[in-house]
């Protein structure tokens, strides 16, 4: 029953609400009980004090020849009427008059509540000592059950205690009030709990439903289907999770497409040169190719072998980068000289396409601090791509500038086909090859730019791309400038 998140969440919330309601009911019950008891005490205190005052006044106006006990017994009827008038015929209260020794002289109403004929001396001692007696109990065993009791001494003019007035009130009214209030709180709490459970049910279902959708989607992902998306409603954390999940699904779907494309590209790039090599070698061995043509076809075979070698090198570089086996050693070097050497290595291809090369630098020598071989590979790959996709007679510009915060900005710009806007977010992904570039680039498998970004990020640097489709494309990356004040000087 409690295995699902929905059941656990719903149960936990309901228990929490129930506990809160119980605590609130207990607090309200205590406050009301204390408030009612306090009102009752004030009322009884007034009634007891009023009884004492009237008795003192009445006894003081007598001739004084009778003891207090005889005065009470002789005027019992009148005193009873006076007490009933003070209590306003409140049947929940009882007045007991005693003499100074605690002997009961008069009790308003019935005497069935008494257990004997006197009040214990311990109660009288507390009354004399404190000037009053206030308790909730059985008055030292003088009555049969617990009562809220107030008592005042009846003192003569010379300070002698003539007797005492005990005012007792049963807790029946209080208990009735508490019972009624408790029943009201319980019924209200049940309705509140029911409403809360209904609300929590729908809220919980709204929270858990996207999780169910994600669970279903993950199961389909495990089977290779990355097309499922979860609905996103609102702007809360669950909606953010849903958006992140959908973004992840899109990335997985894109990665799966790139992987399939990669396998197709690698298969094609392996099969094509191997077929060419095999066909020409078979032709040479069988004599179908005349001896005077052997050199020509051997050159073609050599080119295909180099093509296979480059493919394997890229795959090995990718493997080492992703496994962390390739280590980068930081050292100062002249990035301008590195760029010049790369342009010289591409001179034949540049001339073949009649590309206008522009070399824009702040200084003839700008020293960077990074892994020289790795940055050579980065700049080589970017330059090779720029030449490959530049149009005939277009511009190729390499720019090296001093940036802010000790950075060097290196830019590789070409005028050519550019990159479609829809493909820009993916140009640095593994196996990326846009449809247009596939038509132009028959030799790559979409790893060059991924390797470039991985190398730069491994050294804490960044790269970005901007393009105007059909016009130009520019890659810009950063390098840390070398500290020329250090003992170690730049190395070329």
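The values are calculated or read from the model by the stated rules, or taken from the named source; none is laboratory data. Since the structure is predicted, the reported quantities are computational estimates derived from the model, not experimental observations. Cβ sites come from the backbone with ideal geometry, for glycine too, and all protein chains shown count toward neighbours.
Report whether or not residue 348 is free of Cβ contacts under 8 Å to residues at least 24 places away in the same chain and over 18 Å from residue 457 (Cβ atoms). Before you say what the answer is, go through the steps one by one.
Details: free of Cβ contacts under 8 Å to residues at least 24 places away in the same chain: yes; over 18 Å from residue 457 (Cβ atoms): yes.
Yes, satisfied.
All but one of (1) under 30 Å from residue 234 (Cβ atoms); (2) exposed (fewer than 13 other Cβ atoms within 10 Å of the Cβ) hold for residue 131; state the number of the condition that does not hold.
(1)
Say we look at region 168-205 and pick out the residues that are under 18 Å from residue 7 (Cα atoms) and either touching a strand residue (DSSP E or B) at 6+ places or on another chain (Cβ under 8 Å) or in contact (Cβ under 8 Å) with a residue 12 or more places away in the chain (or both); which of these is surrounded by the most Cβ atoms within 10 Å (Cβ to Cβ)? Before the answer, list the steps.
Taking region 168-205 and keeping what is under 18 Å from residue 7 (Cα atoms), we get 193-205.
Retained after the next criterion (residues that are either touching a strand residue (DSSP E or B) at 6+ places or on another chain (Cβ under 8 Å) or in contact (Cβ under 8 Å) with a residue 12 or more places away in the chain (or both)): 193, 196-197, 200-201, 204-205.
Numbers: 193: 16, 196: 18, 197: 15, 200: 19, 201: 14, 204: 21, 205: 13.
Ranking the qualifying residues of region 168-205, first place goes to 204.
Considering region 437-456 alone, what residues qualify as being over 19 Å from residue 425 (Cβ atoms) and modelled with pLDDT of 85 or more?
Across region 437-456, the qualifying residue is only 455.
Which of the residues that make up region 115-135 are in a helix (DSSP H, G or I) and touching a residue at least 12 places away in the same chain (Cβ under 8 Å)?
121, 122, 123, 124, 127, 128
Give, as residue ranges, the helices (runs of 4 or more DSSP H) completely inside region 1-112 that count at least 3 residues that are at pLDDT 80 or above and under 20 Å from residue 143 (Cα atoms).
5-60
Going residue by residue through region 329-346, is there one that turns out to be over 30 Å from residue 394 (Cα atoms) and not in a strand (DSSP E or B)?
Checked region 329-346: at least one residue is over 30 Å from residue 394 (Cα atoms) and not in a strand (DSSP E or B).
Identify the residue in region 8-60 that is more than 30 Å from residue 189 (Cα to Cα) and without any contact (Cβ under 8 Å) to a residue 12 or more places away in the chain and, among all such residues, is surrounded by the most Cβ atoms within 10 Å (Cβ to Cβ).
Looking at residues that are more than 30 Å from residue 189 (Cα to Cα) and without any contact (Cβ under 8 Å) to a residue 12 or more places away in the chain, I get 43.
Being in a helix (DSSP H, G or I) and touching a strand residue (DSSP E or B) at 6+ places or on another chain (Cβ under 6 Å) narrows it down to one residue among 368, 386; which is it?
Answer to the selection: 386.
Tally time: how many residues in region 221-244 are at pLDDT below 80, closer than 25 Å to residue 260 by Cα and assigned to a helix (DSSP H, G or I)?
Here the count works out to 2.
Residue 338 fails exactly one of the following numbered conditions: (1) loosely packed, with under 15 Cβ neighbours inside 10 Å; (2) farther than 27 Å from residue 470 by Cβ; (3) free of Cβ contacts under 8 Å to residues at least 60 places away in the same chain; (4) touching a helix residue (DSSP H, G or I) at 6+ places or on another chain (Cβ under 6 Å). What is the number of that condition?
Single failed check for residue 338: (1).
Given the conditions (1) within 49 Å of the chain's Cα centre (by Cα); (2) modelled with pLDDT under 80, and given that residue 194 satisfies all but one, which numbered condition is not satisfied?
So the condition that residue 194 fails would be (2).
If you check 119, 155, which single one turns out to be within 21 Å of residue 45 (Cα to Cα) and at pLDDT 85 or above?
The conditions single out 119.
Which residue out of 140, 213, 163 is part of a helix (DSSP H, G or I), buried (at least 16 other Cβ atoms within 10 Å of the Cβ) and at pLDDT 80 or above?
Numbers: 213 fails: at pLDDT 80 or above; 163 fails: part of a helix (DSSP H, G or I).
Among 140, 213, 163, only 140 is part of a helix (DSSP H, G or I), buried (at least 16 other Cβ atoms within 10 Å of the Cβ) and at pLDDT 80 or above.
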